[in-house]
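Visitor: Dropping a structure here in structure tokens format, bear with me for questions.
No value in this document is a laboratory result; all are computed from the given coordinates. Quick caveat: nothing in here was measured; it's all calculated off a predicted structure. Heads up, the Cβs are rebuilt from the backbone with ideal geometry, glycines too, and the neighbour counts pull from every protein chain shown.
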Amino acid sequence: MIADLILYNIGTLVTGKELEKKDEKDMENIEVLENGYLAIKDGKILSVGEGEYPKELQNEKTELIDVNGKVITPGIIDSHTHLVHYGSRENELPLKIKGVPYLEILKQGGGILSTVRNTRKATEKELYDKAYDVLNRMAKFGVTTVESKSGYGLDLENELKQLEVNKKLNENHPLDLVSTFLGAHAVPEEYIGNTKGYIDEVIKMLKVVKEKDLAEFCDIFCEDSVFDVAESRHILNEAKKEGFKLRIHADEIVSLGGAELAGEIGAVSAEHLMAVSDEGIKELAKNNVIANILPATSFNLGKNYAPVRKMINEGVTVALSTDYNPGSCPCENIQLVMNIASAQIKMTPIEIIKATTINAAKVVCRENEIGSLEVGKKADLVIYDVNNLNYIFYNIGINHVNDVFKEGKQIVKNKELCF
Ligand code: NIG
Ligand code: FE
């Protein structure tokens with residue numbers, strides 16, 4: 001077969017293909033090729049290897065790109081974001097700096113509830129335009145797939161409004177979106193003191209969201225003074241019956257047992273886990289629940305980092321994402337997350353690439369299509385303007401991505417959008 005596009009002279013090609021583990025603790029088990037090539041046809045990987053590309057892949061129509069010894073990885077997958085919302089919360093910054101806790105601001109009607117007020121007032125177009133711009137910036141940082149949650153509507157009309165925006169963005173923006181229903185993100189103002197009443201509403205919403213096919217996953221904020229473990233179990237069980245895949249904001253601030261619940265209920269992932277217990281880590285490992293770690297949130301809240309090395313040592317699959325949202329982490333920059341993971345959590349460059357590609361693909365249940373550069377998978381890839389992988393983690397705080405291809409089409413060229 002003849003390729004549409006061949007990238008050659010790739011100094012370091014992290015294909016992300018999973019290799020057999022040396023032992024249970026090995027999270028560096030992905031393929032890295034030196035002096036590699038990639039051939040692409042119809043948006044998919046046709047051939048990948050080391051050295052000279054096979055000349056039979058090429059004819060006069062094939063586009064050739066000399067990568068000049070630079071680094072390529074699979075497209076980055078940001079598998080936990082609260083992309084669609086309106087307004088911002090910089091007014092809370094002085095409170096945060098003075099030490100007022102995140103959950104205290106929420107209790108006072110700020111935090112998530114303040115974004116709910118703004119999101120309810122916003123039109124679908126306003127939400128769409130704001131999120132579209134964010135996706136553009138994420139693309140420039142090397143992201144090719146984004147998970148996006150509702151959770152700032154907290155009533156049927158406004159949750160659907162957010163989810164419709166996810167759908168339209170997925171249709172119109174070159175990045176792929178994976179949609180999650182997070183109706184149980186907080187108890188809205190009109191239900192304060194009547195959590196049970198709101199849970200009944202969420203369960204009704206689940207059915208409508210499913211009927212309209214607007215979300216693949218159901219998520220919940222299982223946290224002290226938000227939804228406790230019993231309430232979370234109840235909602236997630238109902239979601240499971242409706243056919244949703246499950247994920248949980250678990251043990252973010254208080255160690256409630258969210259990780260244990262994720263294991264018990266068969267969630268795909270448990271997210272945050274800054275306060276996870278040793279028992280919780282064991283349950284994640286035993287039940288193959290992915291730990292989706294969001295270190296820019298720890299950084300921004302001035303809190304501890306999740307015990308990632310402990311998790312890796314216990315054989316837990318670890319992913320990394322931004323948690324982009326208007327409160328705890330207004331950060332669109334996955335490379336900052338990667339830098340923090342290196343400097344603060346002591347993950348190695350290869351572990352971090354694995355956590356943001358193939359493991360993140362598993363969080364969104366797309367590991368057969370994306371997350372590694374293997375024959376037949378989508379040609380989603382990133383060219384970095386560096387000569388070796390370590391440099392990305394050494395020279396912190398700048399964007400090292402030069403070019404991005406989504407399904408074989410270039411969407412970022414010389415650091416600028418080109419679609
Ligand atoms: O993942 N923790 C709950 N939800 C978000 C924050 C949402 C917000 O503050 O608006 C998170 O950190
Ligand atoms: Fe979150």
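Visitor: Per-residue HN-Hα couplings for the range 257-268, Karplus 6.51 cos²θ - 1.76 cosθ + 1.60 at θ = phi - 60°, whole Hz, x for Gly and Pro?
Guide: Coupling constants for the range 257-268: x, x, 5, 4, 5, 4, x, 4, 9, x, 5, 5 Hz.
Visitor: Given the options Tyr37, Tyr391, Tyr305, which has the most mean-square fluctuation in a GNM of the chain, springs set between C-alpha atoms less than 10 angstrom apart?
Guide: Tyr391
Visitor: What residues have an amide H closer than 5 Å to that of Lys70, excluding those fewer than 5 places away on the same chain, when H is modeled at 1.01 Å from N in the peptide plane?
Guide: The answer is Gly11.
Visitor: How would you order 215-221, 242-248, 90-96, 76-82 from highest to lowest mean count of nearby Cβ atoms within 10 Å? Could you put the intermediate results ahead of the total?
Guide: Details: 215-221: 25.1, 242-248: 20.9, 90-96: 12.9, 76-82: 30.1.
Put in order of decreasing packing, that is 76-82, 215-221, 242-248, 90-96.
Visitor: Considering amide H positions built from the backbone, and no H for Pro or chain starts, which residues 5 or more places from Val412, or on another chain, come under 5 Å of its amide H?
Guide: Residues meeting the criterion, in which the H sits 1.01 Å from N, are Val404, Cys418.
Visitor: So what J values fall out for the range 383-394 if you push phi through Karplus, 6.51 cos²θ - 1.76 cosθ + 1.60 with θ = phi - 60°, rounded to Hz, Gly and Pro as x?
Guide: 9, 9, 8, 9, 8, 8, 4, 4, 4, 4, 9, 8
Visitor: Which of Val116, Val208, Val84 comes first, and how do the rest follow, when ranked by fewest Cβ neighbours within 10 Å?
Guide: By the 10 Å Cβ count, ascending: Val208, Val116, Val84.
Visitor: I need the calculated FRET efficiency for the pair Asn368 and Glu90, taking r as the beta carbon distance and R₀ as 60 Å, to the nearest 0.05.
Guide: Details: r = 41 Å, r/R0 = 0.68.
Step by step, r from the Cβ atoms, then E = 0.90.
Visitor: Could you tell me how many degrees, from 0 to 90 and to the nearest 10, lie between the Cα long axis of helix 195-211 and the main elongation axis, the longest principal axis, of the Cα atoms of the chain?
Guide: That helix lies at roughly 40 degrees to the long axis.
Visitor: Summing -39500 (n - 2.57) over the DSSP H runs of n ≥ 4 in the chain and dividing by its residue number, what mean residue ellipticity at 222 nm do you reach, to the nearest 500 deg cm²/dmol? Spell out each step's value before the answer.
Guide: Numbers: 15 runs with 146 residues, N = 419.
Helices in the chain give a 222 nm mean residue ellipticity of -10000 deg cm²/dmol.
Visitor: What pairs from Lys168/Lys310; Lys41/Lys167; Lys240/Lys346; Lys130/Lys286 go past 30 Å between their alpha carbons? Could the numbers behind the result be given before it?
Guide: Numbers: Lys168/Lys310 40 Å; Lys41/Lys167 27 Å; Lys240/Lys346 36 Å; Lys130/Lys286 40 Å.
Over 30 Å apart, Cα to Cα: Lys168/Lys310; Lys240/Lys346; Lys130/Lys286.
Visitor: Relative to the longest principal Cα axis of the chain, at what angle does helix 156-172 sit, 0 to 90 degrees, rounded to 10?
Guide: The helix 156-172 is inclined about 10 degrees to the chain.
Visitor: From the phi of every residue in the range 407-412, what ³J(HN,Hα) in whole Hz does the Karplus formula 6.51 cos²θ - 1.76 cosθ + 1.60 yield, where θ is phi - 60° and glycine or proline is x?
Guide: 6, x, 9, 6, 10, 10
Visitor: How far, in degrees from 0 to 90, does helix 334-345 lean away from the longest principal axis of the Cα atoms of the chain, to the nearest 10?
Guide: 80 degrees
Visitor: Right, something else. So what's the gap between the Cα centers of the range 368-395 and the range 232-276, to the nearest angstrom?
Guide: 30 Å
Visitor: For a quick protection proxy, order the peptides 119-125, 14-20 by their average other-Cβ count within 10 Å, most packed first. Intermediate results must be reported in sequence, preceding the final value.
Guide: Working: 119-125: 15.4, 14-20: 18.6.
Top of the packing list down: 14-20, 119-125.
Visitor: Which whole-number percent gives the relative contact order of the chain, counting Cα pairs below 8 Å spaced six or more residues apart?
Guide: Across the chain, relative contact order equals 19 percent.
Visitor: Taking amide H positions as placed in the peptide plane 1.01 Å from N, state which residues far from Val178 in sequence (5 or more) or on other chains have amide H under 5 Å from it.
Guide: Counting only residues 5 or more places away or on other chains, the set is Val146, Glu147, Ser148.
Visitor: Within the chain, what percent of beta bridges assigned by DSSP are antiparallel, to the nearest 5?
Guide: If we restrict to bridges inside the chain, about 45 percent are antiparallel.
Visitor: List, largest first, the extents of the alpha carbons of the range 213-321 along their principal axes, each in whole Å.
Guide: Principal axes ranked by extent give 35, 28, 25 Å for the Cα atoms.
Visitor: Okay, moving on. Applying 1/(1 + (r/R0)^6) with R0 = 30 Å to the Cβ-Cβ distance of Glu60 and Phe419, what FRET efficiency is obtained, to the nearest 0.05? Show your work: numbers first, answer last.
Guide: Values: r = 26 Å, r/R0 = 0.86.
The pair Glu60/Phe419 has a calculated efficiency of 0.70.
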